[in-house]
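Single-structure report; data block below.
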Amino acid sequence: MKRLLAAMVVLGTAALTSGAHESATDAKKPLPPVLDPAAIDHSVEPCADFYQYACGAWLKANPVPPDQSDWWRFSELDEHIRAVLASILEEAAAGKGAKSEDRSKIGDYYASCLDETAIEAKGLKPFAPELERIAALKDKKELAGEVVRLHLLGAEPMFFFSSTQDYTDGTMMIAEADQDGFALPDRDYYLTDAYQGERADYRLHLVRMFGLSGDGTKQAKAEAEATMRIETALAKAAMGVVERRAPKNIHHKMTLAEFAKLAPSFDWTAYLAAVGAPTFASLDVVDPGFFKGLETSLKSFSLDDWKAYLRWTLIDGLVSAAPKAFVDQDFAFFGKRLDGQKEIEARWKRCVDATDDQLGDALGQAYVERAFSHEAKARVLAMMREIARAMEADIKSLPWMSDTTKARALEKLANVDFKVGYPEKWIDYSKLEIVRGDALGNTERASGFDVKRELAKIGKPVDRGEWSMTVSTDNSYYDEQLTDIYFPAGVLQPPNFDVAADDAANYGNLAALIGHELTHGFDDEGRHYDAEGNLKDWWTKKNAKAFEARARGLVREYDAFVAVKSRSGRAKDVHVDGKLTLGENTADNGGLRLAYVAFLAMQGNKVGKDAHGYTPVQRFFLSFAQGWCENHTEAFAKEDAKTNPHAPGKYRVNGVLVNMEAFREAFACKVGTPMAPAKLNRVW
Ligand SMILES: [Zn+2]
């Protein structure tokens with residue numbers, strides 16, 4: 001479910017709110033039930049539009065709040081978790097509760113982030129030394145020295161450099177270089193007609209941000225144009241989101257010498273020495289074409305152009321700790337213009353997110369102590385084993401798969417580890433300095449700490465105990481190289497799961513999510529990795545062809561769905577991208593099937609109807625559908641359709657249920673009704 005939220009984490013403020021008071025109220029609000037009969041719209045026929053039937057009343061009662069661009073059932077739990085985290089942070093900031101070095105650090109970080117008066121009083125002064133360094137660059141050869149400084153401070157110019165699991169030897173970590181360095185959500189925003197409006201407004205945003213930094217109108221305009229030229233060139237050289245879905249497109253192991261030759265104008269020796277990476281002989285270059293493009297850009301743009309660009313990446317990357325005028329302008333473009341969000345989130349919400357982002361394991365430990373249920377963990381682990389058994393039976397029964405491929409698939413399935421709740425080992429922050437009152441310094445040092453921590457892994461064995469999501473996150477993921485599934489403490493709560501709810505409700509929701517993550521190991525991306533997480537083709541040619549033919553059916557199905565309906569004759573409808581969302585749709589479809597098999601094995605349809613007249617199987621499908629009730633702004637939907645590998649909520653429900661015989665039977669949908677088309681698609 002690795003839901004990618006396209007909006008940037010923006011810190012700053014529009015209004016000073018009483019964080020303590022507001023968060024305390026939110027933390028006490030009861031969580032919504034897993035299956036909510038009050039969410040149903042009985043005026044809609046289940047066989048006409050099941051999503052509308054299951055969610056209709058909820059959709060009406062839950063408009064998008066002004067400080068959000070998307071409001072779905074996960075949001076209700078998200079807000080609750082944020083309030084719990086805020087109460088932990090408020091205590092830590094006040095020196096109350098459990099005492100430890102980590103507690104002091106999260107308290108100091110949070111308090112500094114909240115202290116807008118201090119941030120305002122300092123103005124742009126804390127940024128001045130770095131801005132002066134950029135201004136003093138004399139030669140393009142010196143760019144590497146500045147880029148490395150910016151990477152260590154948390155800005156993202158030019159490219160991305162870190163470590164990753166070796167795709168040829170899943171036991172080892174190697175260095176990784178990837179595309180980066182442009183701020184709009186996708187390369188197409190710079191290149192295609194569909195985003196002309198966004199581009200024009202982005203130019204204005206750049207001019208305003210340079211203006212706020214103290215540059216005159218003429219200079220600000222020139223700097224904005226230079227930045228636009230460079231970002232457009234980088235975007236042109238970059239791969240698009242759909243291309244990046246193919247594992248063969250994003251893994252290229254080469255020697256350091258071969259890599260350096262892709263962009264010889266950049267001083268890689270200086271960069272690697274200054275960033276503090278261990279020495280290495282080879283690395284995974286995600287996108288070699290991008291680095292060739294970077295070389296062209298380094299040659300063709302002037303030093304002044306690059307200075308303007310670096311200046312922008314510094315302010316943009318660290319805007320959270322800048323004065324209010326910057327934060328407001330940042331929100332006006334990235335929040336309001338791109339996502340259709342009316343108001344910026346309260347400062348305390350943004351500061352909770354920032355603390356979770358930069359000191360996630362320190363905050364996470366406190367969260368687990370306060371909010372994690374060990375009873376939930378035991379139930380969820382049992383559910384995972386049942387889902388895995390359902391998948392094992394399914395693989396064994398597939399008529400289109402040979403025994404050879406089946407044996408490999410079963411080996412891969414057996415290798416999946418179930419990670420539930422929180423990691424066994426936490427990040428050690430003892431070397432990270434957090435200073436109360438120094439918001440910018442804290443975010444810079446935490447960024448540098450993180451970059452160095454990642455780079456230190458180069459050449460070392462893979463640490464299988466590390467997680468890439470913080471424990472309070474209301475989400476889950478499958479790691480295609482570690483081949484494990486992860487369900488953090490945050491997600492194991494209502495409305496996703498409730499130890500007190502019936503099996504129909506829990507299997508329709510959380511078990512389907514477990515099935516979803518497990519299916520990712522066998523979707524159009526995951527299937528290319530073997531049981532050890534190596535990129536190795538383990539499929540017979542014939543079986544691979546059969547898989548692809550099935551996948552094409554899903555691509556066609558989802559391509560037909562409309563994400564944003566055009567309101568005028570001139571503009572086109574924005575469709576769901578069947579190729580971009582193929583992996584998630586495969587996982588959604590496969591996941592619900594597995595959950596259904598496990599549910600039937602558990603209790604069948606034996607138990608009678610509930611107080612509302614629903615059978616257990618009907619409750620199972622209602623619970624599934626209600627997990628994806630979602631309202632969003634139109635702007636959000638447009639951006640989401642371009643960048644989010646998940647389909648919108650409506651199609652995560654209807655797109656799956658139209659393919660399930662068991663659903664039609666449960667609600668007596670006749671073939672030919674919208675929820676029961678003649679053709680069913682099935683990958684897994
Ligand atoms: Zn997923």
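Here, each number is a calculation from the coordinates, and none is a lab measurement. A quick note: this is a predicted structure, and the numbers were derived from the prediction, not measured. All Cβ positions, glycine included, derive from the backbone under ideal geometry; neighbour counts span all protein chains shown.
At R0 = 41 Å, how high is the FRET efficiency between residue 634 and residue 141 if r is their beta carbon distance? Nearest 0.05 is fine. Working from the Cβ atoms, E equals 0.30. The angle between the Cα long axis of helix 582-603 and the main principal axis of the chain comes to about 40°, on a 0 to 90 degree scale. For the pair segment 451-474 / segment 93-122, the C-alpha centres are spaced 25 Å from each other. Taking the DSSP bridge list for the chain and keeping only pairs wholly inside it, about 70 percent are antiparallel. Each 10 Å bin from 0 upward holds the following percent of the Cα-Cα pairs of the chain: 3, 14, 24, 28, 20, 9, 2, 0. Around the amide H of residue 577, modelled in the peptide plane, lies no amide H under 5 Å away from a residue 5 or more places distant or on another chain.
Taking θ as phi - 60° and the Karplus parameters 6.51, -1.76 and 1.60, the scalar couplings of segment 411-423 work out to 5, 5, 4, 5, 7, 6, 9, 9, 9, 10, x, 7, x Hz in sequence order, x denoting glycine and proline.
Of all lysines in the structure, those lying under 19 Å Cα to Cα from residue 122, and not within fewer than 8 positions of it along the same chain, are 324. With both labels modelled 7 Å from their Cα along Cα-to-Cβ, the residue 282 to residue 48 distance reads 6.1 nm. Can you work out the FRET efficiency for the pair residue 466 and residue 545, with r the C-beta to C-beta distance and R0 = 35 Å, to the nearest 0.05? My answer for the efficiency is 0.45. In the chain, taking the dipole from charged Cβ atoms about the Cα centre, the farthest positive-side position among 281, 390, 48 is held by 48.
I'd like the distance between the alpha-carbon centres of segment 580-641 and segment 240-307, rounded to an integer number of Å. For segment 580-641 versus segment 240-307, the Cα centre distance is 43 Å. Given their separation in residues at 0.36 nm each and the Cα-Cα distance between them, residue 132 and residue 392 gain 87.5 nm when the chain is fully extended.
Scaling the Cα radius of gyration of segment 117-203 by the globular reference 2.2 N^0.38 Å produces a ratio of 1.50. Per-residue extension of 0.36 nm, minus the Cα-Cα distance of residue 302 and residue 118, leaves a gain of 62.5 nm for this segment.
Candidates 418, 590, 611 compared by Cα position along the dipole of the chain: farthest toward the positive end lies 590, with charges placed on Cβ. Per-residue 3J(HN,Hα) values for segment 154-167, derived from phi via the Karplus relation 6.51 cos²θ - 1.76 cosθ + 1.60 with θ = phi - 60°, read x, 8, 10, x, 6, 7, 10, 10, 7, 10, 8, 6, 5, 6 Hz in sequence order (x marks Gly and Pro).
Taking the Cα centre of segment 277-395 as the origin, how large is its charge dipole in debye, to the nearest 20, when only Lys and Arg (+1) and Asp and Glu (-1) carry charge on their Cβ atoms? Here the size comes out at about 280 debye. Ranking 443, 554, 631 by how far each Cα lies toward the positive end of the dipole of the chain (charges on Cβ) leaves 554 at the top. The slack between residue 453 and residue 400, meaning 0.36 nm per residue of separation minus the straight C-alpha distance, is 14.6 nm.
Against the chain, whose longest principal axis is taken from its Cα atoms, helix 541-559 shows a tilt of about 80°. Summarising the label geometry, the points placed 7 Å from Cα in the beta-carbon direction at residue 101 and residue 194 lie 5.0 nm from one another. For the listed residue pairs 99/431; 141/452; 349/642; 406/579; 253/292, the alpha carbons are over 20 angstrom apart in 141/452; 349/642; 406/579.
Look at where the Cα atoms of segment 186-202 and of segment 380-416 average out, and the two centres are 44 Å apart. Along segment 311-325 the Karplus relation, 6.51 cos²θ - 1.76 cosθ + 1.60 evaluated at θ = phi - 60°, assigns HN-Hα couplings of 4, 5, 5, 5, 5, 5, x, 10, 4, 4, 9, 8, x, 3, 4 Hz to successive residues, with x for each Gly and Pro. Taking GluC sites (Glu not before Pro) as exposed when their DSSP state is a loop state and no more than 16 other Cβ atoms lie within 10 Å, the longest site-free interval of the chain runs over 1-342. Taking label points 7 Å from Cα along the Cα-to-Cβ direction, residue 324 and residue 243 give a separation of 4.4 nm. Taking amide H positions as modeled 1.01 Å from N, with prolines and chain starts lacking one, the residues under 5 Å from residue 253 and 5 or more places away or on another chain are 285. The charge dipole of segment 118-266, taken about its Cα centre with unit charges on the Cβ atoms of Lys, Arg (+1), Asp and Glu (-1) only, comes to about 320 debye. Computed from Cα positions, the angle between helix 439-455 and the longest principal axis of the chain comes to roughly 70 degrees.
The share of alpha-carbon pairs in segment 306-406 lying farther apart than 17 Å comes to 74%. When only the Cβ of Lys, Arg, Asp and Glu is charged (+1, +1, -1, -1), the dipole of the chain relative to its Cα centre reaches about 1220 debye. Backbone amide hydrogens, once placed in the peptide plane, bring residue 166 within less than 5 Å of 172, 173, 174, excluding anything fewer than 5 places away on its chain. The trypsin sites (Lys or Arg not before Pro) of segment 387-494 that DSSP puts in a loop, and whose beta carbon has at most 11 other beta carbons within 10 Å, are 425, 431.
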